[in-house]
Amino acid sequence: MAKKKKSGKKGGKLAKMSEEERILYLEQKALAEEEMRKKKEDMLMQFLKDKLSKEEKSSKVNLNKINQQWRQIMRESKSKELLKDIEILSQTFERVVDRKDSVIKALAKDIEEAEVQYNMALRSHLSNVDDLIDHHRRRLGTLQGEYHSELKTVRSEFEEERELINQCHRHELQRLQDIMFAMEQNHQEKESDARQEFQSMRDEIKNKNLEEKHALRIQLEGAVESLWKQFQSALKNYNETTEERKIAFENLKSKDEKSAREIEFQMKKLQKIQDTITMLRGKMQQNSRECEERNRQLRDEREHVQKHFQQLKSEMNLARERERSHLTTLTLQSNAAIKKLKTVLGNGESILRLAEMCRKLETEEEKVLPFYASSLSQEEQEDVEAAVYESPSEPLAAVMHEYISLENFWKRYNKVLLDKLALDKEKQTLNQENQQLRSVLKQYLDGISVNDEILSQNNPLFVVNHKTNVKLAVPVLDPRVRRPAQTVVEAAHIVKHTV
């Protein structure tokens, strides 16, 4: 009801206003409403801006909190991973340290063994060097004695030859001095005769020349007088006839001089222009030559660099192939060497075990005196040592010369081999003797036996005229005296299975 009343009042108010006042009133009202609307929009915009700034601040704070918590989680997980890595690295480091310690101990042991071997080799080398020095000193003494004897012989021959040469030289010198004195006397005589003859000839030629000169002077003076008179008359006639021509010649000469000066000026100008053109052409040619030379040098340098690059590339490829082949060869050789060393190691271990087993079977005498005494005399022993120390001339001797250090081993081996041969010989002798005794025993048993087979043959026990029927080389086949069979196992088989 109130709104109706207000609208009724406004309508009555507008009805009372004129048209202009109504328009003005409506415009003011529209402006007021527009201002109110703008204020409301500004207030709404300011509210939204404040709310947005608050939201941004709260979002930044929340984002920082989230980042802080995420960083804390990441730090904890990363610290756990690092702790695990540190534990793994520490275990790996301990294993590496243990391995390195074992390698160092093995290397130290190898160094000690190498030092022992080096000391043994050094002692052997020093003894060999001392022997070589003694041998060299003895040989040097003999060579020095031979040198002194030959020096005395050569010196005496030289003195005799020098005395003979000095005598010949004195004789020849005396003869040459006599010849030079005779030649000097002959030369002085010839020189004096030639000088006198030259002096006389010079005086004669001088007098003759003076006489001829005087006669020619008189003749030439008369000819000159006649020629001078003729010249004066001809000059007078010439001056009279050529006076007008002379004047014209002077005019033409002046014009010619002007033209010559102009021509000379123009020629100088042309010469300067020509010189400039020549200089410019020379510079142009020189520049073109320099450019061509520079281009040629650059092309040559480019070709040289390209060739060098190709050469280096080919060399690098060849080096790679060569190194690859070397590496392959080295790998194969190292594998073969490892297998060979393992074989040698196995052989060495088996040899050491066999040596230990043989050591247990040695007698007291072999333990005390392992090497047999040499049966050579002192001189023969020295000859053998000298032959050993001499440089080998054949490949087989050179190979044998490298194994001199195994001399003691071969001595023991030869001693054992000799013992084996002696035992084989003794065994063979005993076997023959045993065979003979068995045959005799068989014949004796046959002699004392009584059966048809034995009675049909000669009795070996009968002795007639100090002769017997015993056969000493009869094969033993009778089981009564046959040696019982024995099972024999070869020693190599036992040693092989034992080792």
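The values are calculated or read from the model by the stated rules, or taken from the named source; none is laboratory data. If you're wondering where the values come from, they're calculated on a predicted model, not measured in any experiment. A quick note on method: Cβ atoms are made from the backbone with ideal geometry, for glycine too, and the neighbour counts reach across all protein chains shown. What goes into the accessible areas is simple: the full protein's heavy atoms, side chains included, and nothing from ligands, DNA or RNA. Shrake-Rupley method; radii C 1.70, N 1.55, O 1.52, S 1.80 Å.
Before moving on, here are some points about what is shown:
- Filter result for Lys360 (open to solvent by 90 Å² or more (accessible area, probe 1.4 Å) and either closer than 30 Å to Tyr413 by Cα or of a type in the set (Ser, Thr, Tyr) (or both)): yes
- Test: residue in the range 120-136 that is modelled with pLDDT under 85, on the phi < 0 side of the Ramachandran plot, over 36 Å from the mean Cα position of the chain (by Cα) and surrounded by 10 or more Cβ atoms within 10 Å (Cβ to Cβ): yes
- Checked against the criterion of being under 60 Å from the mean Cα position of the chain (by Cα), without any contact (Cβ under 8 Å) to a residue 60 or more places away in the chain and in a helix (DSSP H, G or I), the candidates Arg139, Arg195 yield just one match: Arg139.
- Criterion: on the phi < 0 side of the Ramachandran plot, touching a residue at least 40 places away in the same chain (Cβ under 8 Å) and not small (Gly, Ala, Ser) - qualifying residue of Arg353, Arg294, Arg324, Arg359: Arg353
- Yes/no for Glu157 being surrounded by 10 or more Cβ atoms within 10 Å (Cβ to Cβ), without any contact (Cβ under 8 Å) to a residue 40 or more places away in the chain, within 57 Å of the chain's Cα centre (by Cα) and part of a helix (DSSP H, G or I): yes
- In the range 281-296, the residues that are open to solvent by 100 Å² or more (accessible area, probe 1.4 Å) and either touching a Ser or Thr at 6+ places or on another chain (Cβ under 9 Å) or of a type in the set (A, V, I, L, M, F, W, C) (or both): Met284
- Tally of residues being among the β-branched types (Val, Ile, Thr) and open to solvent by less than 80 Å² (accessible area, probe 1.4 Å) across the range 412-436: 1
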